[in-house]
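To start, the structure itself, in structure tokens.
The values are calculated or read from the model by the stated rules, or taken from the named source; none is laboratory data. All of these numbers come straight from a predicted model, not from anything done at the bench. Note that each Cβ is placed from the backbone with ideal geometry, even for glycine, and that neighbours are counted across all protein chains shown. The protein model used for the area step is the full one, side chains on, heavy atoms only, and it has no ligands, DNA or RNA in it. Shrake-Rupley method; radii C 1.70, N 1.55, O 1.52, S 1.80 Å.
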Amino acid sequence: MKRTKVPWVTALLLTVVGAAAAQNVNPDISVIGDVRAFATDDASDPKEGRLQLDLKSVELALQGYLNPYARADVFLGYHDDSFELEEAYATILRGLPGGLQVKAGKYRVDFGKLNLLHPHAYSFLDTPLVHRELLGEEGLVDIGVNLNLQAPLGNTVLTVSGNVLKGDFAEGHHHEHAAEDTSSMLDSFGRGLDDLDTLEEEAVETDLGYSERLGLFVPTGDYAGFEVGLNALQGTLDLNTGRKVKLLGADAKYRWAPDKYRSLTVQGEWIRSDRDVEHAGAGEGGVERVRADGFYAFLDWRFAQRWNAGVIGERSEMAEEEGVSIERVGAFAGFQLMEETTTLRVLLRQSDGDELAEPVREAILQLAFSLGPHRAHWF
Amino acid sequence: MKKPLLTVLLAVGLASAASGEPIRVVTSIPDFGAIAAAIGGADVTTESIVKGNRDVHAVELLPSLMMKVRKADVYVKVGLDLDLWAQQIIDGSRNPRLLVVDASERIVKLEVPDFKVDASHGDLHAHGNPHYWLDPANARPIGEAILAALATIEPGMATTFRANLDGYVARLDAATAVWQSRLAPHAGAEVISFHSSWPYFARRFGITIVEHLEPKPGVPPTPTHVAALTELLRTGRVKAILMESYFDDRVPAMLSRTTGVPLVKVPVLVGSAPGIDDQFALFEEITGSLARALAGGRPAD
């Protein structure tokens, strides 16, 4: 993902906030911060066994209606000492034939359920391996146009969605040699952050990509239901070499809330990637097709008004190196201090894989805080 | 929702043709559905987003809720920033002909802050306390707002709807007089409540809310605050602890046990307990339980 310069973002912020303050109808403004303390026994980490601190992200959201039929959402993020435009899109909410909704701009693509969430909202703290490796470091985010239809089928709800994408999903992977890609994934352990700026991007020309989602929600009660979804993406990684990528995914989510204070969420997703990768000695054109699979599954039990706990298991093969995989399991818990504006989360996890000499254990403590309006959670 | 949005949606609603089918009304809380049903009779169907013994402050946005609103003609929300989730459901419904009614518009608001509201005050509502349906007299302004929407869709039924509302309010007024007489012997009685749900009720029925279990709205009881409340309860001034049935009763029950002040745990929404099927049953339960407790008797479970 491209990084933007601080002055540019500062000027934009001052313009937007200043203009908003001068109007009677201001957008909702909210800020979410994510502060972390962590430790790892990863022998390759120079700070092995030492407590480390990090400001993982700060997100500024500007949201509001454009007119009675449309709204706009803008998210600016601070990560790794730089700002970026995370999302900026307008949505036509109502008034189109058949209940069609149209979204245009830069946004998190509806490939699965989890990719729509910003990572600070994860109960399990970190982006799953399979998303990081097969969708990109920060998930699947691109400039595009989304068409979304939702219709009742008896008691169920069918969602059909399609995206035309600019092709920035190719930037989620940095096209160095495979060995360096391996290090990019392994280096993330213990820090919860990758310093992407140290990786050198190659200039690539992408072409439009396309993604589709089919989802079916089945209510099982007034406050319970499950959804299953199928996802696909086709795109060009490099117009010059003609390298392509295809993604397939399937996801399922079940939620049950027996009373005001308790709820159970069980969710999982499987993704398969078929990606053309440049390798010296890969035959004619130096390109070979690499297939990679991965999944995550988690269970999150909110057992009291402000407490939750759960487990997550995940595995992913590397997108650009055949047969190299990593697995990890973790246990997490969360506590809301006073209100949901301040949350403490802890994650204990163990990772193992083909490129790790021995299993790596990590402990991560997160303080997530939010200022401003808090919108309800989508299923 | 901003007023321009409401205005345009109302205009769209005006253009929608009356079909002869029952008017489909979806409400944030079942109490509004009870009023809409009283106004519309057989010409209206009602459904509530919040059901049972649930907290109206927090709702998860299930796709099935969007579909309910997709087919609706009218949505009645609480407003005053209580059911902020309602706007997301309305947007998710993609229903361009939906008439959105903010039932708070004609309410005389209580506890409107005269200072800048932020999260340091807890979950304080900047435009006033939103629990206005707990005054039975507010059925009139709520009903007027609903009536205006129903009459917009079915202008030919406006007279009938008006008569139905007048009749409903008259019956509720008569019942309110009985409920007031029930609590009249306890006028001015000091009561602690769990959440700040009761200013409208307290004004109507002459009780005085002197403290809350929550130190700030939405903030759970802290040990320091509970200790202060224990001291207050031991003075003998406070006659009851009044709480909403959807909150966790462990702390108020402990306070009641240790101080001897009766705990009155009552439903605050229609449909949130067996037999609480309309506003009459709701206020009968609340006033009956509170009167028994204030008289020194055992409150109803």
Kindly indicate whether any position in the stretch B:56-76 is open to solvent by less than 50 Å² (accessible area, probe 1.4 Å), modelled with pLDDT of 95 or more and on the phi > 0 side of the Ramachandran plot. no
Screening B:Gly143, B:Gly92, B:Gly128 for residues that are in the same structural domain as B:Gly33 (by TED's automatic domain parsing), in contact (Cβ under 8 Å) with a residue 24 or more places away in the chain, on the phi > 0 side of the Ramachandran plot and open to solvent by less than 50 Å² (accessible area, probe 1.4 Å) leaves only B:Gly128
For the stretch A:327-342, which positions are modelled with pLDDT of 95 or more and within 18 Å of A:Pro119 (Cβ to Cβ)? A:Arg328, A:Gly330, A:Phe332, A:Ala333, A:Gly334
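On the basis of being under 16 Å from B:Ile209 (Cβ atoms) and among the aromatic types (Phe, Trp, Tyr), does B:Phe280 make the cut? Please lay out each step first, then the result.
On the way: under 16 Å from B:Ile209 (Cβ atoms): no; among the aromatic types (Phe, Trp, Tyr): yes.
So B:Phe280 fails the test.
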Check whether at least one residue in the stretch B:216-225 is more than 23 Å from B:Ser104 (Cβ to Cβ), open to solvent by 10 Å² or more (accessible area, probe 1.4 Å) and of a type in the set (A, V, I, L, M), and report yes or no. yes
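If you go through the stretch B:154-172 one residue at a time, how many are in a helix (DSSP H, G or I) and either open to solvent by 20 Å² or more (accessible area, probe 1.4 Å) or among the polar types (S, T, N, Q) (or both)?
Here is the first cut: in the stretch B:154-172, the ones in a helix (DSSP H, G or I) are B:155-172.
Subset that is either open to solvent by 20 Å² or more (accessible area, probe 1.4 Å) or among the polar types (S, T, N, Q) (or both): B:155-160, B:162-164, B:166-167, B:170-171.
Total satisfying the criteria: 13.
Of the residues that make up the stretch B:95-116, is at least one part of a helix (DSSP H, G or I), in contact with a helix residue (DSSP H, G or I) (Cβ under 9 Å, 6 or more places away or on another chain) and not assigned by TED's automatic domain parsing to the domain that holds B:Phe194? Before you say what the answer is, go through the steps one by one.
Quick first cut of the stretch B:95-116, residues part of a helix (DSSP H, G or I) only: none.
No, because not a single residue in the stretch B:95-116 is part of a helix (DSSP H, G or I), in contact with a helix residue (DSSP H, G or I) (Cβ under 9 Å, 6 or more places away or on another chain) and not assigned by TED's automatic domain parsing to the domain that holds B:Phe194.
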In the stretch A:125-140, the residues that are on the phi < 0 side of the Ramachandran plot and open to solvent by less than 10 Å² (accessible area, probe 1.4 Å): A:Asp126, A:Pro128, A:Leu129, A:Val130, A:His131, A:Leu134, A:Leu135, A:Leu140
Please report, ordered by residue number, the strands (runs of 3 or more DSSP E) entirely within the stretch A:305-379 with at least 3 residues that are free of Cβ contacts under 8 Å to residues at least 60 places away in the same chain and open to solvent by less than 60 Å² (accessible area, probe 1.4 Å). A:325-336, A:342-353
Looking at the stretch B:111-118, is at least one residue in contact (Cβ under 8 Å) with a residue 24 or more places away in the chain and out of contact with any Phe, Trp or Tyr (no Cβ under 6 Å at 6 or more places or on another chain)? yes
Meets criteria (within 27 Å of B:Pro96 (Cα to Cα) and assigned to a strand (DSSP E or B)) for A:Ala39: no
Residue list for the stretch A:43-66, restricted to those being out of contact with any strand residue (DSSP E or B) (no Cβ under 8 Å at 6 or more places or on another chain) and open to solvent by less than 70 Å² (accessible area, probe 1.4 Å): A:Asp45
Return the residues of the stretch A:234-261 that are touching a residue at least 24 places away in the same chain (Cβ under 8 Å) and among the aliphatic types (A, V, I, L, M); say none if nothing qualifies. A:Leu237, A:Leu239, A:Val245, A:Leu247, A:Leu248, A:Ala252, A:Ala257
Top-ranked residue in the stretch A:316-342 [being aliphatic (A, V, I, L, M) and away from chain B (no Cβ under 14 Å); ranked as nearest to B:Ala58 (Cα to Cα)]: A:Ala333
Does any residue of the stretch B:212-224 turn out to be away from chain A (no Cβ under 14 Å) and touching a Leu at 6+ places or on another chain (Cβ under 7 Å)? no
For B:Asn53, state whether it is under 17 Å from the mean Cα position of the chain (by Cα), of a type outside the set (D, E, K, R) and within 12 Å of chain A (Cβ to nearest Cβ). yes
Could you go through the stretch B:179-192 and let me know if any residue there is open to solvent by 30 Å² or more (accessible area, probe 1.4 Å), within 18 Å of B:Ile286 (Cα to Cα) and under 20 Å from the mean Cα position of the chain (by Cα). yes
Pick from the stretch A:219-230, criterion part of a strand (DSSP E or B) and in contact with a helix residue (DSSP H, G or I) (Cβ under 9 Å, 6 or more places away or on another chain), ranking: farthest from the other protein chains (Cβ to nearest Cβ): A:Glu227
Which of (1) without any contact (Cβ under 8 Å) to a residue 60 or more places away in the chain; (2) of a type outside the set (Ser, Thr, Tyr); (3) open to solvent by less than 10 Å² (accessible area, probe 1.4 Å) does B:Gly296 not meet, given it meets every other one? (3)
